[in-house]
1. Given L381, L399, L394, which one is farther than 23 Å from R456 by Cβ, surrounded by 11 or more Cβ atoms within 10 Å (Cβ to Cβ) and touching a helix residue (DSSP H, G or I) at 6+ places or on another chain (Cβ under 9 Å)?
2. Looking at region 620-641, can you tell me whether even one residue there is part of a loop (DSSP other than H, G, I, E, B), within 13 Å of the ligand (Cβ to nearest atom) and in contact with a Ser or Thr (Cβ under 9 Å, 6 or more places away or on another chain)?
3. So how many residues does region 387-410 have that are free of Cβ contacts under 8 Å to residues at least 40 places away in the same chain and not in a helix (DSSP H, G or I)?
4. Give the number of residues within region 476-493 that are more than 22 Å from L348 (Cα to Cα) and either in contact with a Gly (Cβ under 8 Å, 6 or more places away or on another chain) or not polar (S, T, N, Q) (or both).
5. Of all residues in region 456-476, which are within 11 Å of Q406 (Cα to Cα) and in contact with a strand residue (DSSP E or B) (Cβ under 9 Å, 6 or more places away or on another chain)?
6. Take the residues in region 596-612 that are of a type in the set (D, E, K, R) and outside any helix (DSSP H, G or I), then tell me which one is nearest to the ligand (Cβ to nearest atom).
7. Considering only residues of region 704-754 that are within 15 Å of the ligand (Cβ to nearest atom) and among the β-branched types (V, I, T), which is nearest to I329 (Cα to Cα)?
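The values are calculated or read from the model by the stated rules, or taken from the named source; none is laboratory data. Since we're looking at a predicted model, the values are computed, not measured. A quick note on method: Cβ atoms are made from the backbone with ideal geometry, for glycine too, and the neighbour counts reach across all protein chains shown.
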Amino acid sequence: MDKQNNNHEFEYQRLEKVLDIIDKKQHALKEQSSKVKEDVVELRKTFWDDITVNMDEMDDIIETQESIKQQSNILAQKERHYGKNYQRMNQLERLKNQPYFGRVDFQEEGSEEVEKIYIGTSSLMDEEEKDFLIYDWRAPISSIYYDYAPGPVEYRTEEETVYGDMSLKRQYMIRNGKMKGIFDTSVTIRDEMLQESLSQAADTQMKSIVSTIQQEQNAVIRHRGSKVLVVQGAAGSGKTSAALQRIAYLLYHHRTNLTANQVLLLSPNDLFTSYVANVLPELGEEPVNQQTFHQFVLKGTDKALRVDTPFNQMEKLMSLKEEEQQPQIEAIQHFSSVAFMEDINHYLEKLNQTNLTFRSIRFRNELLIDKTEIENYFASLEKDMRLPNKIEQLRNWLLQRIREIQKEEIKKDWVLDQIQLLTKDDYMKAYHEAESEHEDSNIQDEEKVLREKIIRKTFAPLKKMIRQNRFINTFKMYMDLIAELNGNNAIQEYKAEAIRLLRKKQLPWELATAYNYFKGEIIGHEVTRPVHLIVIDEAQDYTPFQFAYLKHLYPYASFTLLGDVNQAIYSYASEENPIQENASFKESTERIVLTKSYRSTKPIVDFTSYFSPSNQPVEPFERNGALPEVIRLTKSISEKDALLHKIEEKQNEGYETIAIIAKTADACDKIYQKLHKEIRIKQINEDTKTYQKGIVVVPVYLAKGIEFDSVILADASSEVYSHAADKFLLYTACTRAMHDLTVLYTEEMSPFLSEVPKENYRYATIVER
Ligand SMILES: Nc1ncnc2c1ncn2[C@@H]1O[C@H](COP(=O)(O)OP(=O)(O)OP(=O)(O)O)[C@@H](O)[C@H]1O
């Protein structure tokens with residue numbers, strides 16, 4: 001006992017010492033930063049003082065350029081230094097709150113010394129900058145903390161595997177620089193810290209989990225090697241958390257060749273984007289490029305198009321009668337398949353050998369280059385050339401034609417007319433330009449410059465239009481492709497409606513990615529920035545076509561796909577998704593399965609496991625809570641009263657985020673209309689960007705990825721959740737609950753719920769008043 005107290009006394013003293021060093025470092029850094037800042041300001045002010053500008057001879061020009069470059073380098077270096085200091089200041093500020101959360105005592109094989117390794121969100125050296133007082137959680141040695149109980153351990157560095165023995169594993173609960181608890185542990189991570197973390201109320205911002213990462217999650221975070229990592233994880237198993245810590249880990253280990261803006265994180269909706277936005281900054285990393293796949297598609301498509309969202313697609317489908325749904329689903333499945341990508345490739349080959357659909361080029365209401373002329377030029381190009389290369393040649397040819405036309409046009413009277421309309425400023429500018437070109441400038445020179453100016457200005461939009469390939473009517477060709485599709489009745493039926501929508505410039509979601517692919521294969525794909533790592537959360541919602549498209553765009557990128565086959569809410573769109581065990585990947589792939597669920601209490605996990613679509617076992621984290629409640633609403637109580645009553649009850653129980661989840665946006669709207677005059681309630685729709693505490697009403701598909709203290713599932717009746725695809729929605733909705741779950745239904749409960757044994761929930765026939 002005494003020994004332990006002594007031990008703990010040591011820990012308290014050490015914490016004081018570390019905090020003191022952080023303080024000193026902060027002071028030193030502050031001073032250094034203000035000095036660097038002064039230098040930067042001074043250097044900007046006197047930038048030109050140290051440069052002798054001499055443009056007389058070529059040698060002088062080169063020398064001048066060299067000294068400008070040198071001076072800019074010094075400035076950039078100082079600015080970088082300032083930026084680094086700023087980043088370090090933030091790290092130290094975070095360390096002040098919680099310098100470390102773990103310690104392992106490690107003796108390397110063959111060494112006499114036992115090292116005390118303290119682990120925190122970033123590293124800290126002692127005052128002499130000799131020894132580590134804190135190791136970054138991502139350092140190779142830190143992995144033993146997550147992977148082992150005391151005993152023999154090993155970890156990998158870049159060069160080798162290090163073996164040794166871990167004699168102590170300790171956890172610290174430090175909040176605001178104060179030691180709140182110390183736990184020694186013999187199992188992987190003792191549950192106290194995790195229990196404390198998981199039993200907290202839902203937050204509007206996801207938190208980092210570095211202090212309680214579990215062994216199987218650590219394997220995801222530190223995984224290296226394969227080009228594609230697929231993580232199948234049960235609901236609440238920490239996929240999103242692991243994904244974000246993985247990004248932080250990779251950014252740390254590949255500092256020199258991976259930066260935050262080379263990482264693309266695809267998230268399911270905007271709400272989710274804002275929900276997870278803080279995790280990387282909390283870990284001291286820059287935010288990465290995060291967007292939904294819909295936003296990604298919009299960037300590559302024609303601005304004039306109205307592109308449906310996947311949610312529109314689902315809502316549209318749900319609004320159809322049963323007999324109308326099936327052909328629609330069959331068609332959607334066809335467009336989601338890699339076979340459709342092959343159809344497109346064949347079609348493009350055919351187009352390449354015949355001709356494309358071009359637009360004539362008009363200028364000032366006159367036909368400048370007729371489309372048959374463009375077609376002829378296209379036909380004259382070497383047959384085997386790839387389409388984007390042909391288009392490039394065509395573009396250059398058109399621009400050359402325009403330059404020739406410009407030479408003719410510049411002589412015409414309309415140019416002079418335009419000159420008259422120029423402002424005084426334009427005149428003066430042209431005059432000075434003429435003067436700088438010819439010392440003894442005269443009226444003719446001035447007019448020449450002005451004419452050139454007018455021509456450049458007038459032709460600029462036309463040239464831009466050519467550079468943007470708008471002389472090719474890719475959309476029309478895509479419509480033709482759809483119209484020419486062969487296929488069964490379902491495809492034929494679908495085609496007619498699709499063409500009607502396409503004519504109105506409306507692009508159904510199932511045709512959207514394919515259009516971008518089609519267009520990119522003709523004019524070249526616009527990949528504006530290099531992407532080295534693509535992390536896809538909720539990857540089970542991606543069709544084989546969408547995933548193949550991403551791989552086509554970024555053939556050299558590594559992929560981390562995280563998802564749950566049980567939450568495949570667009571399961572109707574495809575019989576396959578990239579998370580499935582049998583998904584086909586061309587490149588080296590590894591698959592990790594996470595079966596333990598951390599979000600929900602044990603009774604909630606047990607309850608939902610009975611209607612998990614894949615029946616794969618889910619292991620609950622042992623956290624207690626009330627049994628879910630299933631309530632049948634009889635005719636004597638309205639839905640409004642029942643909901644108000646339940647919400648009040650949940651608020652009295654102390655829950656801060658309460659979500660009423662319904663199947664569709666329409667159902668949510670009806671609930672909102674009933675309740676918003678009675679209580680403060682927020683309706684979440686596709687445009688909602690941030691997640692706030694309080695009571696919300698949300699359709700299942702927008703609740704994806706996020707969580708609530710208490711969930712009230714509005715209408716789990718048999719007529720709402722009865723099709724195979726509904727099971728995924730029902731499961732997704734119920735697994736959003738962290739501490740408490742209530743399921744309401746009228747008349748008959750969903751057949752999926754009737755599979756749950758009665759002892760796994762509390763049953764009531766009416767809300768008690
Ligand atoms: N190791 C951990 N330590 C602390 N909290 C954790 C840990 N793992 C998961 N959690 C918590 O469990 C909850 C679920 O995690 P997360 O959202 O990452 O799971 P998920 O697998 O992406 O869930 P879903 O697929 O259901 O959306 C979050 O509140 C997260 O903070």
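1. Numbers: L399 fails: farther than 23 Å from R456 by Cβ; L394 fails: farther than 23 Å from R456 by Cβ.
Unique residue meeting the criteria: L381.
2. In the first step, residues of region 620-641 are kept if they are part of a loop (DSSP other than H, G, I, E, B); the result is 621-628, 634-638.
Subsequent filtering for residues that are within 13 Å of the ligand (Cβ to nearest atom) retains 621, 623.
Filter once more, so that each one left must be in contact with a Ser or Thr (Cβ under 9 Å, 6 or more places away or on another chain): 621, 623.
There is at least one residue in region 620-641 that is part of a loop (DSSP other than H, G, I, E, B), within 13 Å of the ligand (Cβ to nearest atom) and in contact with a Ser or Thr (Cβ under 9 Å, 6 or more places away or on another chain).
3. Qualifying residue count, region 387-410: 0.
4. Total satisfying the criteria: 2.
5. The answer is T458, F459.
6. Of all residues in region 596-612, those of a type in the set (D, E, K, R) come to 596, 599, 602, 606.
From the residues that got through so far, the ones that are outside any helix (DSSP H, G or I) too are 596, 599.
Details: K596: 9, R599: 4 Å.
Here the residue is R599.
7. T732
A quick yes/no check of all residues on (1) buried (at least 18 other Cβ atoms within 10 Å of the Cβ); (2) within 30 Å of R255 (Cβ to Cβ); (3) charged (D, E, K, R):
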| residue | (1), (2), (3) |
| --- | --- |
| L502 | yes, no, no |
| A512 | yes, no, no |
| V527 | no, yes, no |
| P530 | no, yes, no |
| L533 | yes, yes, no |
| E538 | yes, yes, yes |
| Y556 | no, yes, no |
